[in-house]
Amino acid sequence: MAMAQPTKKTTNANDELKERVRAFWQAHPCGTKFSEAEMGTREFFERVEAHRYTKEWHIPEAANFAGARGLRVLEIGCGLGTDGAQFAAAGADYTGIDLTEASIDLARKKFELAGLRGEFRVADAEALDFPDDSFDLVYSHGVLHHTPDTASAVHEIHRVLKPGGRAMVMLYHRGSYNYRVGIRVLRRAGARLLKSESGIKIVNRLTGEPIESLRDHAQLLKRGTNGYLAKEEFLSQSTDGAGNPLARVYSRREARELFSDFRKVDLRAYFLNKRFIPLIGNLLPRSIESALAARWGWHLWIYAEK
């Protein structure tokens with residue numbers, strides 16, 4: 001059956017949305033908010049890395065950086081190069097792409113300071129400028145749910161992988177506690193508190209979310225339209241910061257459908273956002289946290305073999 005071609009109207013809408021996505025991440029390179037050190041300095045990158053692997057301590061195991069030794073690796077959405085540096089240090093032939101110049105410049109600086117080799121370029125995940133069968137491994141963590149046509153991006157991953165090559169992709173999980181309770185219930189209820197400064201401070205104490213971030217959300221809420229609280233808009237605003245134009249969530253079934261062209265697909269869930277578990281969240285030992293995350297984790301990892 002021939003695949004239906006997108007209409008010009010749909011294509012234009014996607015292009016406009018993608019430009020908004022690009023502009024947002026150009027202004028807010030992923031991870032920069034986790035370091036108060038001068039951007040681009042060695043201390044800046046060290047703090048970003050420490051925060052990432054402390055809060056998301058599962059990543060080194062889930063990504064198996066050491067297993068990429070000798071492989072040609074493409075990372076889609078390299079951000080600041082934090083995970084990319086782990087691949088390169090492990091001996092991978094690493095290439096990182098990102099939609100924004102800001103991230104590519106910072107990733108290059110990260111590699112330069114660490115004495116690592118890698119290739120970087122600005123590129124669109126939905127139209128990769130690499131030949132067929134180019135890579136042994138394609139890695140993308142928390143990126144493809146931000147692009148308008150995720151299916152096209154997955155198709156491109158399949159195309160550039162060598163036969164037998166593997167994809168490791170993390171998407172936000174529809175079946176997670178973070179989405180079903182944290183975003184749809186707790187954050188929505190808390191949005192009402194953002195209408196006053198005292199309410200903002202209450203949310204800050206309850207969740208630990210920075211005051212300035214909460215004030216940004218409050219400004220969006222006060223603009224007087226219902227758009228902020230609309231289902232899809234609220235999801236986008238509740239994931240990666242106020243003003244984020246696009247984020248999606250995927251069920252396990254939807255993830256398998258996205259990767260249906262691959263020969264083998266395995267799914268695993270990680271990362272329980274303990275901020276949304278009142279009172280006991282930060283007291284959970286890792287063993288219990290891991291067991292809960294395996295079912296209700298916010299990060300759905302797709303391991304797919306071409």
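Please treat every number below as a calculation from the coordinates, not as lab data. All figures in this text were calculated on a predicted structure; none of them were measured in a lab. Neighbour counts run over all protein chains shown; Cβ positions are idealised from the backbone, glycine included.
Over the stretch 46-169, what is the relative contact order in percent, taking alpha-carbon pairs closer than 8 angstrom and at least six residues apart?
With pairs under 8 Å counted, the relative contact order is 23 percent.
Taking +1 at the Cβ of each Lys and Arg and -1 at the Cβ of each Asp and Glu, which of Val265, Gly77, Asn64 sits farthest along the dipole of the chain towards its positive end, judged by Cα position relative to the Cα centre?
Farthest along the dipole direction, towards plus: Val265.
Arrange Glu119, Glu38, Glu49 by Cβ neighbour counts within 10 Å, fewest through most, would you?
Going from least to most buried by this count: Glu38, Glu119, Glu49.
Quick one: of the DSSP bridges fully inside the chain, what percent are antiparallel, nearest 5?
Of the beta bridges lying entirely in the chain, close to 40 percent run antiparallel.
If the reach is capped at under 16 angstrom between alpha carbons, list the lysines near Lys195, excluding any in the same chain fewer than eight residues apart.
Lys222
Of Arg286, Arg22, how do they rank once you tally other Cβ atoms within 10 Å and put the fewest first? Could the numbers behind the result be given before it?
On the way: Arg286 10, Arg22 19.
Exposure proxy ranking, most exposed first: Arg286, Arg22.
Would you mind ranking Cys78, Cys30 by Cβ crowding within 10 Å, fewest neighbours first?
With the fewest neighbours first, Cys78, Cys30 line up as Cys30, Cys78.
Under 20 Å from a point 7 Å along the Cα-to-Cβ line of Arg256: which residues of the stretch 291-306 have their amide N that close?
294-306
Let me have the relative contact order for the stretch 88-160, percent, based on Cα pairs under 8 Å that are six or more residues apart. Please list the in-between numbers first.
Working: 67 pairs, mean separation 22.3, N = 73.
Over the stretch 88-160, the number comes to 31 percent.
For the chain, what does the helix formula give at 222 nm: sum of -39500 (n - 2.57) over DSSP H segments with n ≥ 4, over the residue count, nearest 500 deg cm²/dmol?
-12000 deg cm²/dmol
Rounded to the nearest Å, what's the spacing between the alpha carbon centres of the stretch 166-222 and the stretch 52-121? Just the number, please.
For the stretch 166-222 versus the stretch 52-121, the Cα centre distance is 29 Å.
How high is the relative contact order of the chain, in percent, with contacts defined as C-alpha pairs under 8 Å that are six or more residues apart?
Averaging sequence separation for qualifying contacts and normalising by length gives 16 percent for the chain.
Once you wrap a convex hull around the alpha carbon atoms of the chain, what is its projected area averaged over all directions, in nm²? Don't jump to the answer; show the numbers that get you there.
Values: hull surface 65.8 nm².
The number I arrive at for the chain is 16.5 nm².
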